[in-house]
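Undergrad: Pasting a structure below so you can have a look.
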Amino acid sequence: MTDRYAVFGNPVEHSKSPQIHRAFAVQTGEAIAYDKQPVALDGFYRAADTFFAEGGKGLNITVPFKQEAYGYAARLTVRARHAGAVNTLAMQNDGTVLGDNTDGIGMVRDILENLNWQIKGRKVLVLGAGGAVRGILEPLLEQLPQHVVIANRTLAKALQLAKGFAEMGYLLGCDYEMLEGQQFDLIINGTSASLSAQLPPLPDGLLAGQACCYDMMYAAQPTVFMIWAKQQGATSITDGLGMLVEQAAESFRLWRGISPNTAPVIAEIRQSL
């Protein structure tokens, strides 16, 4: 019997999730069907109810429904609760739906296992204070960086986010002007700069020696953040394609109990861009 999965979003046509999960299924021999489903902006609960009532086993959730998915889940993982958003729903044996957030662990695994970068003991700068950043902070802080600075155009938002995760590690909030004179070993771009092609106003000299730069967005060509990082002399630079595949692998593991090999899938998706 083939189990059904899907990704919900609006828009969702661009999603690579079906290609990724089908590759995982072929690799692991799991019998699944995976589709992308556009959902009306006011229709998430109705669409999710229908999907699960018809025997669906799990959903990936993309924008703009991660908060709705958070509210829809009957139970939440600890990391989903801290993230305040859900990107994975899984039907449980008791008929309830579990909500998880796999974004942060996906990024951390990409950084540590695929790129072989270090987080422990490093000075980390995270750009942006929106939902994408909130989703990565707990897994990032679990790796024991020396400290994490959240920089955002709106200082109050950065401070609020830093306060919310303060018990998990040494976390500071600031605006971009306050970055002047600071240096970091790892800079993570969690803003939408790569979509708008408008980089935040970052001062020169932010990169320490041997610094690495990671853009959570991905594209066929280097993003505006990656171009900036190269100009600033970063030693290693990457986009977030590995994060996309790794967060999907964590969803697959949650659903099927199997961890797929991500390296060939990352290469396959990169080639298709």
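The values are calculated or read from the model by the stated rules, or taken from the named source; none is laboratory data. All values reported here derive from a predicted model rather than from experimental measurement. Positions of Cβ are backbone-derived with ideal geometry, glycine not excepted, and every protein chain shown enters the neighbour counts.
Undergrad: Answer yes or no as to whether residue 254 is at negative phi, at pLDDT below 95, surrounded by fewer than 17 Cβ atoms within 10 Å (Cβ to Cβ) and assigned to a helix (DSSP H, G or I).
TA: Criteria not met by residue 254.
Undergrad: Another question, then. Inspect all residues belonging to the range 200-209 and state whether any of them is of a type in the set (A, V, I, L, M) and closer than 20 Å to residue 82 by Cα.
TA: no
Undergrad: Taking the residues in the range 66-95 that are in a strand (DSSP E or B), aliphatic (A, V, I, L, M) and in contact with an Asp or Glu (Cβ under 9 Å, 6 or more places away or on another chain) as candidates, determine which candidate is surrounded by the fewest Cβ atoms within 10 Å (Cβ to Cβ).
TA: Ranking the qualifying residues of the range 66-95, first place goes to 76.
Table: residues versus (1) part of a helix (DSSP H, G or I); (2) small (Gly, Ala, Ser); (3) at pLDDT below 95.
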{"site": "178", "(1), (2), (3)": "yes, no, no"}
{"site": "181", "(1), (2), (3)": "no, yes, no"}
{"site": "199", "(1), (2), (3)": "no, no, yes"}
{"site": "219", "(1), (2), (3)": "no, yes, yes"}
{"site": "225", "(1), (2), (3)": "yes, no, no"}
{"site": "229", "(1), (2), (3)": "yes, yes, no"}
{"site": "233", "(1), (2), (3)": "no, yes, no"}
{"site": "237", "(1), (2), (3)": "no, no, no"}
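Undergrad: Give 167, 180 a once-over and let me know the one that is under 22 Å from residue 144 (Cβ atoms), of a type outside the set (Lys, Arg), surrounded by fewer than 17 Cβ atoms within 10 Å (Cβ to Cβ) and without any contact (Cβ under 8 Å) to a residue 24 or more places away in the chain.
TA: 167
Undergrad: Given the structure, is residue 215 modelled with pLDDT of 95 or more, under 22 Å from residue 134 (Cα atoms) and either out of contact with any helix residue (DSSP H, G or I) (no Cβ under 7 Å at 6 or more places or on another chain) or of a type in the set (Phe, Trp, Tyr) (or both)?
TA: Taking the combined requirement at face value, the residue does not satisfy it.
Undergrad: Could you check how many residues of the range 115-135 are of a type in the set (A, V, I, L, M, F, W, C) and touching a Lys or Arg at 6+ places or on another chain (Cβ under 9 Å)?
TA: 1
Table: residues versus (1) in contact (Cβ under 8 Å) with a residue 12 or more places away in the chain; (2) over 18 Å from the mean Cα position of the chain (by Cα).
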position	(1), (2)
138	yes, no
147	yes, yes
156	no, yes
163	no, yes
175	yes, yes
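Undergrad: Do we have residue 56 as more than 12 Å from residue 8 (Cβ to Cβ), over 17 Å from the mean Cα position of the chain (by Cα), among the small types (Gly, Ala, Ser) and not in a helix (DSSP H, G or I) here?
TA: no
Undergrad: For the range 45-65, name all the residues that are surrounded by 21 or more Cβ atoms within 10 Å (Cβ to Cβ) and either more than 20 Å from residue 250 (Cβ to Cβ) or of a type in the set (A, V, I, L, M, F, W, C) (or both).
TA: Residues satisfying the conditions are 48, 51, 59, 61, 65.
Undergrad: Going through 242, 233 one at a time, which residue ends up being crowded, with 24+ Cβ neighbours inside 10 Å, touching a residue at least 12 places away in the same chain (Cβ under 8 Å) and not hydroxyl-bearing (Ser, Thr, Tyr)?
TA: 242
Undergrad: Report yes if residue 37 is at pLDDT 95 or above, out of contact with any Pro (no Cβ under 8 Å at 6 or more places or on another chain) and surrounded by fewer than 18 Cβ atoms within 10 Å (Cβ to Cβ), otherwise no.
TA: Taking the combined requirement at face value, the residue satisfies it.
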